[in-house]
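The structure appears right after this line, and notes come after that.
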Amino acid sequence: MLRYQDLHSRSLSDPEGFWGEAAVGIDWVRRWDRVLDDSTPPLYRWFAGGLLNTCWNAVDRHVEAGRAEQAAILYDSPVTASKRTITYRELRDLVARFAGVLRGLGVEKGDRVIVYMPMVPEALVAMLACARLGAVHSVVFGGFAPHELATRINDAKPHVIVTASCGIEPGRVVAYKPMLDSAIEQATHKPARCVVLKRPQAEAVLHPGRDVDWDEAMAAATPADCVPVAATDPLYILYTSGTTGQPKGVVRDNGGHAVALKWTMEHFYGVKPGEVFWAASDVGWVVGHSYIVYAPLLHGCTTVVYEGKPVGTPDAGAFWRMIAEHRICTLFTAPTAFRAIKRDDPNALLLKQYDISSLRALFLAGERSDPDTLHWAEDHLKVPVIDHWWQTETGWPIAGNPLGLELFPVKYGSTCKPLPGWDIRVLGADGHPVKPGDIGSIVATLPLPPGTLPGLWQAEERFVRSYLSEFPGHYQTADAGFIDEDGYIFVMARTDDIINVAGHRLSTGAMEEVLAGHPDVAECAVIGVADDLKGQVPLGFVVLKAGVTKDHATICKEVVAKVRDEIGPVAAFKQAIVVERLPKTRSGKILRGTMQKIADSEPWKMPATIDDPVILSEIGEALHSIGYAKEKLAG
Ligand code: COA
Ligand code: AMP
C-alpha cells in the first residue's frame, strides 16, 4: 500500500526531486538548469536549459545498448495480408535515412511536417525522423476529410507533408493522395514538398516539382544524425477537437514528454524493457503518439503496428491471434473495441483457439468503460482490466490503477486514483471543492506534471482562456465527475460539447458549423446519443428556412453527406431529423443537454429557464419516431 501513496505524496510535495530522479531514465546532451521553471505562472516549463534528442532516446541508444537485433516494431496487417519485423538497428537506419530525405527537402529544426498516413511502419519512421531533426510533426488521422486536413495545414504551416497512396479500411481502399491534393488546394498555406509512399493497393499521381516518391527519395538520401534540441522545444503538434470547427493544436515538448512517458511504462503499465506492448489505436490519436510510438520505444520495448480492426479482419478473434502470435504482455485499447468483440462473439469462443498466456493486463481508455464490458473482459481474459483516464492534452494517464506500483481493488465505473504528478480536485461552480461523492468540474492543480501540454500551437491566449482561466491555479479538464471517500475518481461526462464516438473525440460544435452551412438550414443542433457499440454517436436536428419545400429525407441525406465530406467518415454522423423549432432558454441557449437526456430516456428536469416547454414535447415526439426517447417524455 505504501508504494503508491508515498510516491504520489512526494510527487506533489517535491515535484522537482521526483521528476529530476525520473529524468535519469533519459539520455541528456546537457543537463537541465531547473527541473521546473515556475517563473511565469500559469505557464510552466520542465527541464529548462536541458538538451536532448527524443529520437536518440527512442531508437539509437537502444542499438548501442545491446538491443540492435531486438524487434522495435512488429507490423501486422490483416487488411493487406502482410507482416514485417523491424529491429532497432533497422529502425535506426530507416529513420536516419528518412531524416536525410526531409533535410534534403529543406526541413530543419523547428520546421513543421504533417504526416497523413495509414497504420504502416513508415508513419512511425516519419515521426521519428522529424524528432531526429528537431522538426515538429503533426500527424493527422486518416479518417479526417480534406477540409479538416486543410485547417491543420493552415495552422501548422508545414514545409513538407508525408503521405501514402492509400489506407485500407475493411472492404474499401481509401485513396489518401487525392484527399491530400484537395486539402492543399483548399489550404491557403502551401507545403513546399510532399513525400508519397506508394502502396500496391492504389496508384498515386505525383505533382512534378512538388511530390517525391518515398522509395526513390530514400534510395538517394544521406542519413542524418540526431540534432540536440532544448527540452522545452516542441516535439509535435496534435490537433484535437475544440468547441468550434477550429481544432486545438496541442503542443508537446521534448524533455518532459520523454521523462514522463518512460516513467509510466514501468511504474504505471508495469512493463519491462524488451517486452511486447500493444496499443491498439492509430498513430493519428494521442494514444498512438504516446503508446504506439514514443513510450514503448523510449523504454526499449517492442511496439506493435496493427493495420486492422478488432472485428471483421477477419473475425472477433483478431486481438487474441495478435496476443498469441506476438507474445504481447500488455494490450491497450478503447472499450468500444471490446464492445465490438463482445457483440460478435458474446461467449468469447474464438479465444479458445489461442494461447494468450503472455497477456498480463488490459488497459482501456478514451471513453468511459461501462461495467458490463469490464466484467466481460475480466471474466474471459482473466487478467487485470484497468480503466484509465486521459486526454490528448495530458499525453499520458491522469488516473488509473497503477499496476506497476500496486493494484487497488476495482470499483466499477471509476478510473481509480490519480497518478503521481496529478493533484486532482473536484470543484463546484463557485470554484470551491465539493464534498466527496458530489459531482463537479474535475480540475488538476498547477503545475501539471511533465509531458502534458505546455500550450497550444501559436495560441497562448486561447490556451489560457480554454484551460487555465475558469478555475485560477488549476487546469480545467472539461470533464465532470466526483471523487469518493476512498479517493477514487469517477469521470462522468464532458462539460463542453465534445462527444466520444468509438473512443474518438469529436466536437458537436464543429458538426453544427457544417450543418449550418447547408443552404436550406436555418438553425441546427447536434447532440451525442447513447450507442451500444460506439458509446455515443452524433445526431443532428435541423430547422429549415421558411419557404423550403424540399423533401425532408433528401435534406437529411444531404447534411449527412456534408459532414462526411467536410469532417470525415470518422465523425460517424449518420442521422439527422428535421424539426419545427429547437428548445432554448429565454436567453437563446439551445438545451442540448436536456435533448440528449430525452433521447437516451434518462431522467430529466424541465429547465427553469426554458422559453417554451412545448418544444420539448415536439422534440420528444420526433426522437421517439426514429427509435430514441423510449420512455416518451417521462420528464
Ligand atoms: N482512414 C479512413 N477512414 C477511416 C479510418 C482511416 N484511418 N478510420 C476509420 N475510418 C472510417 C471507417 O471506415 C468508417 O467509415 P464508414 O462510415 O464508411 O463505415 C468510419 O470512419 C468510422 O470508423 P470507426 O470509428 O472505426 O467505426 P467502424 O464502425 O468502422 O468500427 C469499431 C467500429 C469499434 C470496430 C472501431 O471504432 C474500432 O476499432 N475502435 C477502436 C477504437 C480506437 O482505436 N480508438 C482510438 C483511441 S484509443
Ligand atoms: P481524447 O483527447 O481523445 O483522449 O479524449 C479525452 C476525453 O475522453 C476525456 O476528456 C474524457 O471525456 C474521455 N475519456 C478518456 N478516457 C476516459 C475514461 N477512462 N473514462 C471516462 N472518460 C474518458
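The values are calculated or read from the model by the stated rules, or taken from the named source; none is laboratory data. Being a predicted model, the structure only gives us computed values, none of them experimental. FYI the Cβ positions are ideal-geometry reconstructions off the backbone, even for glycines, and counts take in every protein chain you see.
Tell me whether region 33-49 contains one or more residues that are surrounded by 19 or more Cβ atoms within 10 Å (Cβ to Cβ), on the phi < 0 side of the Ramachandran plot, assigned by TED's automatic domain parsing to the domain that holds G455 and not in a strand (DSSP E or B). Checked against the condition, which is being surrounded by 19 or more Cβ atoms within 10 Å (Cβ to Cβ), on the phi < 0 side of the Ramachandran plot, assigned by TED's automatic domain parsing to the domain that holds G455 and not in a strand (DSSP E or B), region 33-49 yields no hits at all. Across region 485-506, not a single residue is classified as away from ligand 1 (no atom under 15 Å from the Cβ), in a loop (DSSP other than H, G, I, E, B) and within 17 Å of H147 (Cβ to Cβ).
Quick test of your reading of the structure: Q353 fulfils all but one of (1) farther than 19 Å from K309 by Cα; (2) surrounded by fewer than 15 Cβ atoms within 10 Å (Cβ to Cβ). Name the failing condition by number. If we test Q353 against (1) farther than 19 Å from K309 by Cα; (2) surrounded by fewer than 15 Cβ atoms within 10 Å (Cβ to Cβ), just (1) comes out false. Are any residues in region 1-22 part of a helix (DSSP H, G or I) and free of Cβ contacts under 8 Å to residues at least 60 places away in the same chain, and if so, which ones? Passing the criteria: L2, Q5, D6, S9, S13, E16, G17, G20, E21. Answer yes or no: is there a residue in region 536-543 that is within 16 Å of ligand 2 (Cβ to nearest atom), surrounded by fewer than 17 Cβ atoms within 10 Å (Cβ to Cβ), at negative phi and not hydroxyl-bearing (S, T, Y). Within region 536-543 (the criterion being within 16 Å of ligand 2 (Cβ to nearest atom), surrounded by fewer than 17 Cβ atoms within 10 Å (Cβ to Cβ), at negative phi and not hydroxyl-bearing (S, T, Y)), the answer is no, since none of the residues qualifies. Between D551, D565, the distinction of being within 16 Å of ligand 1 (Cβ to nearest atom), over 19 Å from G593 (Cα atoms) and surrounded by fewer than 18 Cβ atoms within 10 Å (Cβ to Cβ) belongs to D565 only.
Apart from one condition, G171 fits all of (1) of a type in the set (G, A, S); (2) under 25 Å from L298 (Cα atoms); (3) without any contact (Cβ under 8 Å) to a residue 24 or more places away in the chain; the exception is (2).
Answer with yes or no whether G317 is buried (at least 20 other Cβ atoms within 10 Å of the Cβ), more than 22 Å from F268 (Cβ to Cβ) and in contact (Cβ under 8 Å) with a residue 12 or more places away in the chain. In short, yes. Looking across region 156-192 at every residue that is in contact with a helix residue (DSSP H, G or I) (Cβ under 7 Å, 6 or more places away or on another chain) and under 20 Å from A81 (Cα atoms), the one that is farthest from ligand 2 (Cβ to nearest atom) is identified as S165.
Counting only strands (runs of 3 or more DSSP E) wholly contained in region 65-137, the ones carrying 1 or more residues that are in contact with a Cys (Cβ under 6 Å, 6 or more places away or on another chain) occupy 112-116. Cβ separations smaller than 6 Å between residues 6+ apart or across chains give the following pairs from region 96-110 residues that are on the phi < 0 side of the Ramachandran plot to residues that are basic (K, R) and not in a helix (DSSP H, G or I): L105/R193. Among residues of region 275-303 being within 18 Å of V250 (Cα to Cα) and either away from ligand 2 (no atom under 16 Å from the Cβ) or among the hydroxyl-bearing types (S, T, Y) (or both), the one that is surrounded by the most Cβ atoms within 10 Å (Cβ to Cβ) is Y294. Number of residues in region 347-364 that are touching a residue at least 12 places away in the same chain (Cβ under 8 Å) and either assigned to a helix (DSSP H, G or I) or out of contact with any Pro (no Cβ under 7 Å at 6 or more places or on another chain) (or both) equals 12.
A count restricted to region 174-195 and to residues that are small (G, A, S) and part of a helix (DSSP H, G or I) stands at 2. When D370 is tested against the conditions (1) at pLDDT 95 or above; (2) more than 17 Å from S290 (Cβ to Cβ); (3) within 15 Å of ligand 1 (Cβ to nearest atom); (4) not basic (K, R), the lone failure is (1).
Taking the condition surrounded by fewer than 21 Cβ atoms within 10 Å (Cβ to Cβ), outside the structural domain of G245 (by TED's automatic domain parsing) and touching a Lys or Arg at 6+ places or on another chain (Cβ under 8 Å), does S601 pass? So S601 passes the test. Filtered by the rule that a residue be in contact with a Lys or Arg (Cβ under 7 Å, 6 or more places away or on another chain) and either surrounded by fewer than 24 Cβ atoms within 10 Å (Cβ to Cβ) or assigned to a loop (DSSP other than H, G, I, E, B) (or both), region 161-173 gives S165, P170. Only one of the numbered conditions (1) under 21 Å from A123 (Cα atoms); (2) outside the structural domain of M127 (by TED's automatic domain parsing); (3) over 22 Å from the mean Cα position of the chain (by Cα) is not met by L331, and that is (3). Across region 500-534, which residue is nearest to the chain's Cα centre (by Cα) among those that are of a type in the set (D, E, K, R) and either within 16 Å of ligand 2 (Cβ to nearest atom) or not assigned by TED's automatic domain parsing to the domain that holds Q596 (or both)? Ranking the candidates gives R505 first.
State which residue is nearest to H257 (Cα to Cα) when the search covers only region 377-402 and only residues that are surrounded by fewer than 22 Cβ atoms within 10 Å (Cβ to Cβ) and away from ligand 1 (no atom under 16 Å from the Cβ). The selected residue is P384.
Looking only at residues in region 309-359 that are among the polar types (S, T, N, Q) and closer than 30 Å to P402 by Cβ, which one is farthest from ligand 2 (Cβ to nearest atom)?
S357
Taken over region 1-35, the criterion of being in contact with a Lys or Arg (Cβ under 9 Å, 6 or more places away or on another chain) and closer than 22 Å to N254 by Cα is satisfied by E16, G17, F18, A22, A23, G25, I26, D27, R34. Scanning region 357-399 for residues that are out of contact with any helix residue (DSSP H, G or I) (no Cβ under 7 Å at 6 or more places or on another chain), among the polar types (S, T, N, Q) and farther than 27 Å from W422 by Cα gives a single hit, S357. Restricting to region 415-433, name every residue that is more than 16 Å from ligand 2 (Cβ to nearest atom), out of contact with any helix residue (DSSP H, G or I) (no Cβ under 6 Å at 6 or more places or on another chain) and not in a strand (DSSP E or B). Selection gives G428, A429, D430, G431, H432.
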